[in-house]
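Below is one structure, written out as C-alpha cells, with a few remarks after it.
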2 protein chains.
Amino acid sequence: MAVYTQVSAEEIDRFLTRFDVGTLVSVKGIAEGVENSNYLLETTQDKYILTLYEKRVDPADLPFFIALLDHLSAHGCLVPPMIADREGKKIQQLCGRSACLITFLSGVSVSSPTTTHAAAMGEALGDMHRALADFDQERRNVLDHDGWRALAEQCGPAQLDKIAPGLATAIAQELDYLDEHWPHDLPRAAIHADLFPDNVLMLDDKISGLIDFYFSCTDVRAYDLAVTHAAWCFSEDGTDFHDKISQALITGYASTFPISDAERKALPLLARGAALRFLLTRAYDWINTPADALVTRKDPQAFLNRLEYYQTHPDVFAI
Amino acid sequence: MAVYTQVSAEEIDRFLTRFDVGTLVSVKGIAEGVENSNYLLETTQDKYILTLYEKRVDPADLPFFIALLDHLSAHGCLVPPMIADREGKKIQQLCGRSACLITFLSGVSVSSPTTTHAAAMGEALGDMHRALADFDQERRNVLDHDGWRALAEQCGPAQLDKIAPGLATAIAQELDYLDEHWPHDLPRAAIHADLFPDNVLMLDDKISGLIDFYFSCTDVRAYDLAVTHAAWCFSEDGTDFHDKISQALITGYASTFPISDAERKALPLLARGAALRFLLTRAYDWINTPADALVTRKDPQAFLNRLEYYQTHPDVFAI
C-alpha cells in the first residue's frame, strides 16, 4: 500500500515513448493494491495506471493475468487490460522491475455496499464466470485448500493463540473438517479469488470495473462466489451478517450464471474455506508485520468471526 | 509519504456535497507531500486534491497558508488555492482531521532539472517574491536560524557522529560561524522555504505550479533563493555542483526580482544556512526513523556535501 520503487517523471516520459499514448501531463504515486508500486498517469490522450511488480507478484504469472484480462475485456467485462507497446509487447522492464501500462477505469470502491451494489456485484461475477467458460489458460492457486495446513503451520500454534486464545485449535479442527468434506468434483475455472469491495469500482450504483486480478487462478468456480460472499456480506469486523446483502449477491449471481445443485450444496463448506483462507493469511501477516510498521495489519479476528458464522449457519446459501 | 487516514468513498461523496464541485467519479490515495493524507479526486466537473492534515501541520497555521495561496493566486502566480465551500469556508473537518479541498494543478516534478527548468524556476521565485511584497500576514519559521542549535542538541553529538564521523564538530563549528555572521538587517517577507524540484510542477519546460507551501513562513527573503539554490544546483547526493544550473537559476531570479548588494553579499552565508537546515532536519529524521520503516530516510550526507561546497566556494552567487 505504498510506492516501493520511485520512478522519476523523466523515466516515465521516456517509458511512454514506447507506446501511442501521448505525453505525460501528470503523475502521482498511488497507495493502492497488493504490494506493487502504482502510478496514476495522465497524458495528453488519456489516464493510465503504471504498475511496477514488486515481490508479491511473480513476473512469470504476468502472461496468465494479461491473457485473462484480454479475454474478459473481449467478452465485454469491465476490467482494465494491459496496454501493448508499438511492438505488441505488454510486459515491460522499468527500474529493474517488470512493469505494465494499464487502462485506467473510473469509479470508486464503496466501503459499505448496499443491496443494489451487492446485486450488481453478483451479476458482474456471474458475467465474468460465463465469459471465462472458454478460457483455457491455467494458474495454480497458491492459496488453495491444499496449502492452508502448511500456512497454519508457518504461523505456529503459540503465535496463533496470541492473536486469540484457542485460535490454533479452532483452525486445526476446521482444517480436519475441510479435509474430510472438501469437494473434489465441482467445476473448476479461472476465478478472481479476491473480489473484496476495494477491488470493485462503482459509478452511480453500477459496476464500472473489476480490478486487481493478481490472485486470479484456476480453482473451484463456486469458491469465487464463496470468497465474494465472505468479503461482501458482513460488517468489516465480521460481527454482523447482512442477510439482505447476501440474498442480493446470490440472486444477482444466479441471474447471470447457473448455480448447480452440487455447487449450492457445497457453498456453505466453500464459504468456510474462504473465511479460513483469509483468516490464515491475515494471521500470517499479523504475526510477521511489526505492530509499528506503516502497513496497516488487517485483523484476523474479522475472518474468525465469519468462519464461526458459516459454521453455525449452513443455510446461508439456501435461497 | 503515505495515506495515514483512510477516508471511504462514501465519506468523500458526502464531503463534496458541501461544495459546488460535482460528484465523485474516482478517488486515489496518493503518496506525496509532507506527512499529510492526500487523495486525488476526480468529479463530474474537475480534478481536486483532498488533504487531511496529520501531525506535521498545525491546523492553527492553515489560515496563513490559505491567505498566502489566495494572495499569490490573485497576483497570477501558479499555485493551488484551497477551495471554499458554499458558505465560504475553506478549512473543513473530516475523519477527526482538519481538511482542505484544493485546486489540482497539472504538471510533473523533474528529477534532473535542466538550465531551462532552472531559469524558469528562478523567474517563478522572483515573481512570487514580487507578488508577496504587499502580503502582510506573518508566520514564524520554526526551522529558522534561531532554532538550528536546539535541533543539533536534540540530535545529540554521539548520534550525529554515527551518521558521519566528525559530523557533530562540523555542525557545532558551523553554528558558531553562522551565529557570528548571520545577517539581521536584510528584508524579510513571506517565503516558500522548501522549493525543491518535487514541489514544482512543469509542463513543456514551463512551470505549471508551485506546490506544498506547508513550510512557508516569514524570514529573510533572500534565504528563499538560498534554499532553492541548495535544492536545485547539486546532484541529489550533493557531490556534484551544477554551475550552469546555478547561473540559470540566479539569472532567472534576478530578471524578475532585484537582488540588492547586501543580499548578494549575504547569499553565500544564507546558502550555508540553508544547507545546514536540511542537514539538521535530515539528521534528526535519520536518527528518529527506524531503518526498516517504509518511509524513505533521506541521507543527511547529501546536505553535508552541499554545506562543504558552499564553505569552500563563497563566490557561487557572484555572477
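The values are calculated or read from the model by the stated rules, or taken from the named source; none is laboratory data. Here the structure is a predicted model, which is why all the values come from computation and not from measurement. In this analysis, Cβ positions are derived from the backbone assuming ideal geometry, glycine residues included, and neighbour counts consider all displayed protein chains.
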* To do: Tell me, yes or no, whether segment B:62-77 has at least one residue that is buried (at least 20 other Cβ atoms within 10 Å of the Cβ) and either without any contact (Cβ under 8 Å) to a residue 60 or more places away in the chain or in contact with a His (Cβ under 7 Å, 6 or more places away or on another chain) (or both).
  => no
* **Scope segment B:228-276; condition farther than 14 Å from residue B:196 by Cβ and of a type in the set (Asp, Glu); matching residues** => B:237, B:240, B:243, B:261, B:263
* With respect to residue A:225, is the statement that it is surrounded by 22 or more Cβ atoms within 10 Å (Cβ to Cβ) and in contact with an Asp or Glu (Cβ under 9 Å, 6 or more places away or on another chain) true? -> yes
* Structure fact -> Here the residues within segment B:176-196 that are among the aliphatic types (A, V, I, L, M), closer than 24 Å to residue B:300 by Cα and surrounded by 18 or more Cβ atoms within 10 Å (Cβ to Cβ) are B:191, B:193, B:195
* Meets criteria (closer than 22 Å to residue B:318 by Cβ and in contact with a strand residue (DSSP E or B) (Cβ under 8 Å, 6 or more places away or on another chain)) for residue B:221 -> yes
* **Lone qualifier among A:251, A:256, A:281 - being surrounded by fewer than 20 Cβ atoms within 10 Å (Cβ to Cβ), hydroxyl-bearing (Ser, Thr, Tyr), more than 14 Å from chain B (Cβ to nearest Cβ) and within 22 Å of residue A:149 (Cβ to Cβ)** => A:281
* Asked: Looking at segment A:58-76, which of the residues that are farther than 14 Å from residue A:130 by Cα and of a type in the set (Gly, Ala, Ser) is modelled with the highest pLDDT?
  -> A:67
* Tell me which residues, restricted to segment B:140-170, are over 30 Å from residue B:111 (Cα atoms) and crowded, with 20+ Cβ neighbours inside 10 Å. => B:168
* Asked: Given the conditions (1) under 25 Å from residue B:100 (Cβ atoms); (2) at pLDDT below 95, and given that residue B:204 satisfies all but one, which numbered condition is not satisfied?
  -> (1)
* To do: Please work out if residue A:46 is touching a residue at least 12 places away in the same chain (Cβ under 8 Å), more than 9 Å from chain B (Cβ to nearest Cβ) and among the charged types (D, E, K, R).
  => yes
* Boolean, residue B:146 is at pLDDT 95 or above and either away from chain A (no Cβ under 14 Å) or over 24 Å from residue B:270 (Cβ atoms) (or both) -> no
* To do: Give the residues of segment B:1-43 that are more than 7 Å from chain A (Cβ to nearest Cβ) and of a type in the set (Ser, Thr, Tyr), sorted by residue number.
  => B:4, B:5, B:17, B:23, B:37, B:39, B:43
